[in-house]
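Working notes for the structure below.
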Amino acid sequence: MCDPGRDYVAATWATWLQRGIAVPLCLAHPDEELKYVLNDSGASAILASPSHFERMADLGKALGTTVVPVGVVHTHRGLHAQTSALIDAWGWQAKDHILHTLPLHHVHGIVVAMLCGLQAGAAVEFMPRFSPSRVWERVQSSADPVSIFMGVPTMYAFLINAYEGAPATSQGGMREAARRLRLWTCGSAACPKPTLAAWAEISGATPLERYGMTETGMILGNPLCGERRVGTVGLPFPALGVRLVDQDNKVGKEGEIRVRGAQLFKEYWRNPEATRDAYDDEGYFQTGDQAVVEGDPPYYRMLGRSSVDIIKHGGYKISALDIEGKLLALPGIQECAVLGLPDDTYGEVIAAVLALDGDVKELTLADLRARAAPHLPAYQLPSRMCILPALPRNALGKVNKKALRALCFPEQVKQ
Ligand code: MLC
Ligand code: AMP
């Protein structure tokens with residue numbers, strides 16, 4: 001553990017990062033999860049800014065935990081392939097200036113937005129926490145004009161809300177400012193068509209929607225020039241092999257997206273079995289996402305994920321099973337199923353269906369959140385709850401989450 005206030009640290013870190021592996025940590029995660037990441041990655045040092053030094057020093061002292069997220073290892077060669085593809089596709093230049101508001105523990109923030117900008121020699125300006133009013137203020141400023149913004153759909157929903165809530169006298173200036181940026185991109189989750197349409201109305205162009213994954217980098221994207229078709233994620237980036245494979249293992253126009261190419265990850269950290277299972281017999285990585293190719297010219301349209309246990313909230317991919325594990329470990333909770341419910345702003349919100357121990361009479365959502373808070377990042381805390389005497393299960397003892405959603409949240413069932 002180094003004191004980042006000292007002069008020698010920059011040089012030491014440059015050396016370590018050249019030869020070692022950098023693992024980004026998210027400060028929103030509870031201590032027990034950060035301890036897991038530090039432990040599992042075999043971290044030999046923690047780099048922290050002075051304001052987080054104390055917390056990080058404590059974490060460095062006491063390691064050990066029970067949660068099991070999977071680490072994804074990228075090589076410099078793979079990252080270079082990712083960034084080079086995007087720099088070409090999106091015309092990055094040294095004169096670009098990106099306003100960066102994404103968290104840095106995900107590929108969207110660290111690779112797509114930050115590394116591309118740095119490799120292109122462009123200016124990367126960080127706004128450490130996304131705030132719609134501050135983004136609007138910044139893009140309207142003429143000093144060091146911003147030319148690129150990248151966001152998840154939730155950020156666009158917030159920016160549109162802020163625009164619609166602004167006085168009519170301000171809206172003209174906001175529209176003009178939005179139109180000065182040469183590129184607005186959107187990804188990490190499906191962007192609702194009304195959001196894309198509203199943003200096109202404000203900024204003069206449909207945001208460039210693209211699709212990717214931590215393991216693979218960006219796979220599909222609408223073009224910089226040419227038709228950006230709303231509701232699609234465009235075409236494969238040139239250096240990749242992308243195919244759709246159906247349930248009968250046939251390659252065709254609809255099915256699971258599978259991909260291979262130099263930009264893919266090297267392996268899951270210390271998990272050769274998971275790495276092997278991630279690929280099919282022909283060496284394609286199996287994304288678990290379904291898509292269809294359609295239209296003229298043919299573009300890819302996302303159909304969703306194969307698993308109901310993956311929730312996309314605010315662009316974060318969240319495992320329902322991880323949350324269930326944490327909630328079940330709380331005293332008083334007998335059974336638990338976690339679901340995503342559709343939401344206009346966040347894509348999905350997290351709902352917990354619980355059955356309580358016989359001697360527990362009552363549990364409010366606020367209680368549940370307070371008790372789960374030490375074990376889950378704030379953005380993974382359930383915001384909806386339903387309590388049943390027991391969870392309905394089929395003959396095999398499994399919970400049917402679609403049926404449970406209809407039972408507990410009938411007004412929110414996806415169309
Ligand atoms: C959220 N929180 C954070 C945080 N993200 N705290 C610290 N650091 C972070 N990075 C806190 C919030 O402040 C809030 O705390 C609580 O967690 C709930 O957050 P939320 O549910 O996310 O809502 P909100 O605060 O409204 O934030 C919305 C948002 C955020 C859109 C700004 O969700 C966000 O930054 N999303 C980006 C996710 C992302 O980068 N995904 C890319 C994955 S890579 P409190 O105390 O106020 O309740 C990928 C591949 C690809 O998918 O294709 O890109
Ligand atoms: P992560 O594992 O956090 O990198 O999240 C990757 C997942 O985000 C993908 O497997 C998709 O399910 C989803 N995703 C990313 N971009 C898009 C998009 N443009 N449309 C729909 N889903 C997306």
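Note that the chain presents 50 Å² accessible area per residue, ligands and nucleic acids not counted, probe 1.4 Å.
Among Lys266, Lys361, Lys95, the largest mean-square fluctuation in a Gaussian network model of the chain, built with springs joining Cα atoms closer than 10 Å, belongs to Lys361.
Looking at region 76-304, what % of the alpha carbon pairs are farther apart than 22 Å?
Numbers: 13813 of 26106 pairs.
That tail contains 53 percent of the Cα-Cα pairs.
Only protein heavy atoms count here; under a 1.4 Å probe, Phe130 has an accessible surface of about 50 Å². Counting only protein heavy atoms and a probe of 1.4 Å, the accessible surface of region 307-412 is 56% carbon and sulfur. For region 307-412, what does the alpha-carbon gyration tensor say about shape, rounded, prolate or oblate, given a ≥ b ≥ c as the root eigenvalues, a/c under 1.5 as rounded, and a/b over b/c as prolate? In terms of gyration-tensor shape, oblate.
Take the Cβ atoms of Arg180 and Thr345, set R0 to 22 Å, and the FRET efficiency comes out at 0.25.
Our helix-only sum for the chain, with -39,500 (n - 2.57) per DSSP H run of n ≥ 4 divided by its residues, gives a mean residue ellipticity at 222 nm of -9000 deg cm²/dmol.
Label separation (Lys250 vs Arg270): 4.4 nm, computed from points 7 Å beyond Cα along the C-beta direction. Using the Cβ-Cβ distance between Gln286 and Ala168 with R0 set to 41 Å, the FRET efficiency from 1/(1 + (r/R0)^6) comes to roughly 0.25. Model label sites at Asp277 and Glu32, defined 7 Å from Cα along the beta-carbon direction, differ in position by 2.4 nm. With the simple spin-label model, which puts each label point 7 Å out from Cα in the Cβ direction, the Asn161 to Phe53 separation comes to 3.7 nm. The Cα atoms of the chain give a gyration tensor whose axes a ≥ b ≥ c have a/c under 1.5, which makes the shape rounded.
The values are calculated or read from the model by the stated rules, or taken from the named source; none is laboratory data. Model, not experiment: these values are computed from the prediction. Using ideal geometry, Cβ is built from the backbone for each residue, glycine included, and neighbour counts are taken over all protein chains shown. The accessibility values were calculated without ligands, DNA or RNA, using every heavy atom of the protein model including side chains. Shrake-Rupley method; radii C 1.70, N 1.55, O 1.52, S 1.80 Å.
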